[in-house]
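For reference, the structure discussed in these notes is given below.
The values are calculated or read from the model by the stated rules, or taken from the named source; none is laboratory data. Computed from a prediction, not measured in an experiment: that's the story for all the values here. All Cβ positions, glycine included, derive from the backbone under ideal geometry; neighbour counts span all protein chains shown. We work out accessible area using only protein heavy atoms, side chains counted, and drop any ligands, DNA or RNA first. Shrake-Rupley method; radii C 1.70, N 1.55, O 1.52, S 1.80 Å.
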Amino acid sequence: MKTDNPSIKCSVSSCAYHSGSAGRCTLGEITVGCTQQNVADCKSTECASFQLGNHGTNCGCR
């Protein structure tokens, strides 16, 4: 059974590491990566630990 990590909040329900209704991640830590060479704002970053799970294809982002 996966234990949710209260230090990592997550609203992406399609991720394999999403903790269901708890709105948390089950990983002990995550890696943040960039989507562009020059990072100037939040839109240029991503959770590089994301892995598509079997929760459907809708990301569930809020």
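Listed values, structure above:
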{"item": "Region 5-27 residues that are in a loop (DSSP other than H, G, I, E, B), paired with ones that are of a type in the set (Phe, Trp, Tyr) and open to solvent by 40 Å² or more (accessible area, probe 1.4 Å) (beta carbon under 6 Å, 6 or more apart)", "result": "26/17; 27/17"}
{"item": "Residue ID - most open to solvent (accessible area, probe 1.4 Å), chosen from residues in region 17-29 that are over 10 Å from residue 49 (Cβ atoms) and over 8 Å from the mean Cα position of the chain (by Cα)", "result": "21"}
{"item": "Pair list, Cβ under 6 Å, 6 or more apart: region 40-51 residue over 16 Å from residue 11 (Cβ atoms), other residue in a strand (DSSP E or B) and open to solvent by less than 60 Å² (accessible area, probe 1.4 Å)", "result": "48/33"}
{"item": "Selection within region 30-55 - charged (D, E, K, R), loosely packed, with under 12 Cβ neighbours inside 10 Å and not in a loop (DSSP other than H, G, I, E, B)", "result": "43"}
